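**Q** Have a look at the structure that comes next, please.
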Amino acid sequence: MAASVRPRRSVLYMPGSNTRAMEKAKTIAADAIILDLEDAVSPDAKATARQQIVDALAAGGYGKREMIVRINGLDTPWGADDMAAIAKSGADAILVPKINDAQTVQGLVAAMDKAGAPASMALWCMMETPIGILNAQSIGAASDRVAVWVMGTNDIAKDTGAHHTPMRLPMVTALGICMLAARAYGIQILDGVYNDIKDENGFRDICQQGLEMGFDGKTLIHPSQVAPCNEVFSPTEAQLEMAARIVAGFEEAQREGKGVVTVDGRMIENLHVEQAKKQLALAAAVAEMSAE
């Protein structure tokens, strides 16, 4: 789904069964909030949580934060009711767990259309099963309504027997396959959650690793993780200054008809200009969000 730059550095899960948490989300500096109807909500509370989410979205107050609702899969007892309620809730996107193949995506898009979801409502996909990861290329090509993939690293660990290690070497293959497929089809991709909310250094290291791997941001399970996540996934002042010089130098060289562009002694190609413009656009979008 083609869209203007939208920051998704920090994407915080909030349980739909907890009205106080959803209210608190209005004051947290996360770029996006996922109101959860799946893992965070017990079976006996799902109907109540669904209505609470609908009411919270109708009441508003979340500013420019992107609002996503994670529903239960359509193959569960709650999925159809979730889809019917959330499609017209005003949420920016619906997130669906355990996407295994392109046919699942196409079925979800059809269900969104049938439920009256506006064209502006995106579909987000949890990539968290072995078969889903093996089918990443066909899933990526399945629909233009898909805007974002979310890595479900806990489920990947559970289903594969992989361990959560500091460098995440057991998960690199799964993360890399999804990264390549997402980029091939113009889909943004978010790193999975970090479970130890007290391990600040470990969390920051994992954020840095995710940034270096190419992720657009990270899903979070606690408000304390938002600030360090935003910091890591934001361009530094030095990077922005260099980006501005690269863009200005390239444009000046074009005006002068020069075939070779150098900035600070560094040869500049189109790919460097594209990366620089992306950094500047992200910083501008973050500044706009912060101005609310």
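**Q** Kindly provide the set of residues from the stretch 54-95 that are closer than 24 Å to D31 by Cα and among the charged types (D, E, K, R), ordered by number.
**A** Result: D55, K64, R65, E66, R70, D82, K88, D92.
**Q** Hey, could you check the stretch 229-265 for residues that are at pLDDT below 90, in a loop (DSSP other than H, G, I, E, B) and not acidic (D, E) and say which is surrounded by the most Cβ atoms within 10 Å (Cβ to Cβ)?
**A** Filtering the stretch 229-265 for residues that are at pLDDT below 90, in a loop (DSSP other than H, G, I, E, B) and not acidic (D, E), the one surrounded by the most Cβ atoms within 10 Å (Cβ to Cβ) comes out as K258.
**Q** Can you name every residue in the stretch 187-203 that is small (G, A, S) and either at pLDDT below 95 or within 13 Å of the chain's Cα centre (by Cα) (or both)?
**A** G192
**Q** So is A2 closer than 15 Å to L220 by Cβ, modelled with pLDDT under 95 and among the small types (G, A, S) or not?
**A** no
**Q** Let me ask something else. Is there a residue in the stretch 191-211 that is touching a helix residue (DSSP H, G or I) at 6+ places or on another chain (Cβ under 8 Å), touching a residue at least 12 places away in the same chain (Cβ under 8 Å) and under 22 Å from D101 (Cα atoms)?
**A** yes
**Q** Here's another thing I want to ask about it. I'd like the residue in the stretch 134-155 that is aliphatic (A, V, I, L, M) and not in a strand (DSSP E or B) and, out of all such residues, is farthest from A184 (Cα to Cα).
**A** L134
**Q** When the residues of the stretch 195-224 are narrowed to those that are in a helix (DSSP H, G or I) and in contact with a Leu (Cβ under 8 Å, 6 or more places away or on another chain), which ends up farthest from A40 (Cα to Cα)?
**A** M213
**Q** From the list V232, V286, which one is in contact with a helix residue (DSSP H, G or I) (Cβ under 7 Å, 6 or more places away or on another chain), closer than 30 Å to T27 by Cβ and β-branched (V, I, T)?
**A** Sole residue among the options that is in contact with a helix residue (DSSP H, G or I) (Cβ under 7 Å, 6 or more places away or on another chain), closer than 30 Å to T27 by Cβ and β-branched (V, I, T): V232.
**Q** Let me ask something else about it. List the pairs whose first member sits in the stretch 84-99 and is in the same structural domain as P130 (by TED's automatic domain parsing), whose second member is hydroxyl-bearing (S, T, Y), and whose Cβ atoms are under 6 Å apart, counting only residues at least 6 apart or on separate chains?
**A** K98/T129
**Q** Examine the stretch 44-58 for a residue that is of a type in the set (S, T, Y) and touching a residue at least 12 places away in the same chain (Cβ under 8 Å), and state whether such a residue exists.
**A** Within the stretch 44-58, one or more residues are of a type in the set (S, T, Y) and touching a residue at least 12 places away in the same chain (Cβ under 8 Å).
**Q** Could you go through the stretch 248-266 and let me know if any residue there is of a type in the set (D, E, K, R) and under 27 Å from M127 (Cα atoms).
**A** no
**Q** Let me ask you something else. Answer with yes or no whether M67 is modelled with pLDDT of 95 or more, touching a helix residue (DSSP H, G or I) at 6+ places or on another chain (Cβ under 8 Å) and more than 20 Å from N18 (Cβ to Cβ).
**A** The answer is no for M67.
**Q** Look at Q254 and say whether it is over 19 Å from the mean Cα position of the chain (by Cα), polar (S, T, N, Q) and farther than 24 Å from M22 by Cβ.
**A** Judged against the criteria, Q254 is a match.
**Q** Of all residues in the stretch 45-61, which are surrounded by 19 or more Cβ atoms within 10 Å (Cβ to Cβ) and either polar (S, T, N, Q) or not in a helix (DSSP H, G or I) (or both)?
**A** The one that is surrounded by 19 or more Cβ atoms within 10 Å (Cβ to Cβ) and either polar (S, T, N, Q) or not in a helix (DSSP H, G or I) (or both): Q52.
The values are calculated or read from the model by the stated rules, or taken from the named source; none is laboratory data. Just so it is clear, the model here is predicted, and its values are computed rather than measured. For neighbour counting, all protein chains shown are included, and Cβ atoms are generated from backbone atoms with ideal geometry for every residue, glycine included.
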